[in-house]
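Okay, structure first, notes after.
The values are calculated or read from the model by the stated rules, or taken from the named source; none is laboratory data. Everything quoted here is computed from the prediction, not taken from an experiment. Don't worry about glycine lacking a Cβ; one is built from the backbone with ideal geometry, like all the others, and counts go over all protein chains shown. We work out accessible area using only protein heavy atoms, side chains counted, and drop any ligands, DNA or RNA first. Shrake-Rupley method; radii C 1.70, N 1.55, O 1.52, S 1.80 Å.
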Amino acid sequence: MKEKFFQKSLIEDLLDEQNKHPQKYLPPKTLKKIAKKHKRPIPQVYSVASFYPRLSLKPRAKYIIRVCENLACHMEGAEKVIEAIKEFLNIDFGETTKDGLFYLEKSSCLGLCSLAPVILINDDIHGNLTPEKVKEILKNYIEKEKSSKN
Amino acid sequence: MIDFKVIGTPILLRNIKKIDPESIEAYIETGGYEALKKALKKSPDELLEEVKKSELRGRGGAGFPTGIKFEIAKNQKETPKFVVVNAEEGEPGTFKDRIILENDPHLVIEGAILAAYIIGANYGYIAIRPDYTLAIKRLEKAIQDAYKYGFLGDNILGSNFSFHLKIKRGAGAYICGEETALLEMIEGKRGEPRKKPPFPPQKGLYGKPTVVNNVETLANLPFIIYYGSEEFKKYGVEGSYGTKLFCMSGDVSWKGIIEIPFGVKLSEIISLAGGVKGGKLKAVILGGVSGSLVKYDEVDIEVDYHSLGRIQAGPGCGTIIVLNDKRDIVDVCENIMRFFKDESCGKCFPCRLGTEASYRIIKKIKEKKANLHDLFNLERICKTMKNASFCGLGQTAPNIILQSLQKFKDEWLSHIS
């Protein structure tokens, strides 16, 4: 029992493998590998991976932008912030920028409602946003990326 | 980052921003783990009596008496038993568990150990959403330290009681806040709810007796065990003892967490948060978007289970989203139903189709393209969801819509062509 208790669950393995991938997703070969480790049929692992919003079966990007547009954020103007992101990066929900840097997705409530409107870029919290502020933040990420390449 | 306020003396927020959350020594200095030491000298039966006498009710939303839940699990013969801490906070407008876990992780750990001792569990999981990264980091450190100090592990503090605690990350699904869906998630399956009965205290994780408790509920246990139920019952009012955390957001001047003893008026809580912003009060969404809608002329009401029950409301998980009079109730309802349509797990028919169909009708009404027949249909679908959905998600998804149809009927009708 004790041994089983301390093991990582299937979902945790999927999360960690996904994080290791440069495009933050679970390709078929990863699903196969994890299925083997957990002695579960591949379709079952697929059904789990496809259920959870935080797991992705399609390639994403280095930075995943997760935007909340639930009530508290909606009331503080989340839609305008989201429009600004879409326009600035020229992508819609579920799309990756051409340079492979950003991926945009909708999220359920992020539990940061006192900072509404709020987004997560990977694990970093950005709150009290306006369309102008969010563009500045994205610019900073792009700048940082450029300077790390040079 | 998240601000907080208190009415009266706090139970849950007593250490917050006063001690270093990453230091077990700081927690011990404030009297931490004293409740555990005291508990180990008593029998689980005595402690169970104390929890039952405290009349503590679950803080996750349903308000089930915690002592009774413990008793059912304690009476089961099967072993091993489990304690599961439900930290899959996902209700829009709710961030109270985050603030406890990030600022006082040991309080929850001590609560979980006490629950385990009472029911006779040797294993426990803290099931937490993966994007609470700071909370996970601090919990990991806190659990490690608790092992070092002998508060967790085999033969805790030299007794013959052993308890192991581990963090279990989920992968972000609102439905996993439902206790049986949460158990499925821990088992590494799709987070779809199970049929009840059997209830988790009878057959839970891996089919074994399991108590699933909200973070805030367990955070009350060290106080109850250390000071006793009599002291606990000095907080709050009859039928609703203790304190409750409320998360303020929406059209209020100040946003954050407020801890109140039960019985404080809703209007008083709103005033403490600096009052309504940008207009006059229109309504309050109380207890989350699956909770209840309190109209402006009803806010002069005590926040406790009994008083709120009179207006078909409840404290729920402790969410207060304030709406000012410039807000369109149809727009608010559209946003709420869009959330539920996205989060419905798809297992049962009334919820899967009901959320989608009612969202479409609300959208049509908002665009002023709907007729009276659509409005009747909306009400019918919502009632079907409430009556026929498999789990709490579908049963409570139409709450705000149904209440707004009653309380703001004219506004709905003004959108009808």
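Between B:Asp342 and B:Gln144, take the C-beta separation as r, use R0 = 51 Å, and let me know the FRET efficiency to the nearest 0.05. Intermediate values should be presented prior to the final figure.
On the way: r = 37 Å, r/R0 = 0.72.
Once the sixth-power term is evaluated, E becomes 0.90.
Using only helices, what value at 222 nm comes out for chain B when you add -39,500 (n - 2.57) per DSSP H run of length 4 or more and divide by the total residues, to the nearest 500 deg cm²/dmol?
Working: 18 runs with 180 residues, N = 417.
Taken over chain B, the calculation gives -12500 deg cm²/dmol.
Give me the orientation-averaged projected area of the Cα convex hull of chain B, in nm², one decimal.
On the way: hull surface 74.8 nm².
Projected area, direction-averaged: 18.7 nm².
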- Query: Roughly speaking, what is the centre-to-centre gap between region B:10-67 and region A:8-44 when only Cα atoms are used, to the nearest Å?
  - Reply: 38 Å
- Task: Please work out the FRET efficiency for the pair B:Ile28 and B:Trp254, using the Cβ-Cβ distance as r and a Förster radius of 35 Å; give the result to the nearest 0.05.
- Result: 0.60
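In this model, which of B:Lys383/B:Lys409; A:Lys98/A:Lys144; B:Lys208/B:Lys347; B:Lys53/B:Lys234 are farther than 21 Å apart at the alpha-carbon?
On the way: B:Lys383/B:Lys409 16 Å; A:Lys98/A:Lys144 17 Å; B:Lys208/B:Lys347 24 Å; B:Lys53/B:Lys234 13 Å.
Long pairs (Cα-Cα over 21 Å): B:Lys208/B:Lys347.
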- Note on the structure: Once B:Ser417, B:Ser23, A:Ser148 are ranked on solvent-accessible area with the largest value leading and a 1.4 Å probe, the list reads B:Ser417, A:Ser148, B:Ser23
- Item | Helix B:66-75 vs. chain B, principal-axis angle (Cα, 0 to 90°, nearest 10) | 50 degrees
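Order these peptides, B:99-111, B:292-304, B:176-188, by their mean beta-carbon neighbour count within 10 angstrom, highest first. All intermediate terms of the calculation are to be shown ahead of the outcome.
Details: B:99-111: 26.3, B:292-304: 18.8, B:176-188: 24.7.
Going from most to least packed, we get B:99-111, B:176-188, B:292-304.
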- To the nearest 0.05, the calculated FRET efficiency linking B:Arg360 and A:Lys58 through their beta-carbon distance, R0 being 22 Å, is 0.25
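Take the cross-link list A:Lys2/A:Lys29; A:Lys80/B:Lys141; A:Lys39/A:Lys62; A:Lys58/B:Lys168 and give me the ones stretching past 32 Å between alpha-carbons.
On the way: A:Lys2/A:Lys29 30 Å; A:Lys80/B:Lys141 39 Å; A:Lys39/A:Lys62 30 Å; A:Lys58/B:Lys168 25 Å.
Pairs exceeding 32 Å: A:Lys80/B:Lys141.
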- How crowded by other chains is B:239-252, given as the mean number of beta carbons from other chains within 10 Å of each beta carbon? 2
- Item | Reach of B:Lys364 by Cα under 16 Å, taken over aspartates and glutamates that are not fewer than 8 positions away in the same chain | B:Asp328, B:Asp331, B:Glu334, B:Glu356, B:Asp374, B:Glu379, B:Glu411
- Query: To the nearest 500 deg cm²/dmol, what mean residue ellipticity at 222 nm is calculated for chain A from DSSP H runs of n ≥ 4 alone, each contributing -39,500 (n - 2.57), summed and divided by the residues?
  - Reply: -14500 deg cm²/dmol
- Query: How big is the accessible area of A:His38 in square angstrom, nearest 10, if you roll a 1.4 angstrom probe over the protein chains?
  - Reply: 50 Å²
- Note to self: C-alpha centroids of region B:304-368 and region A:68-87 sit apart, in Å, by 19 Å
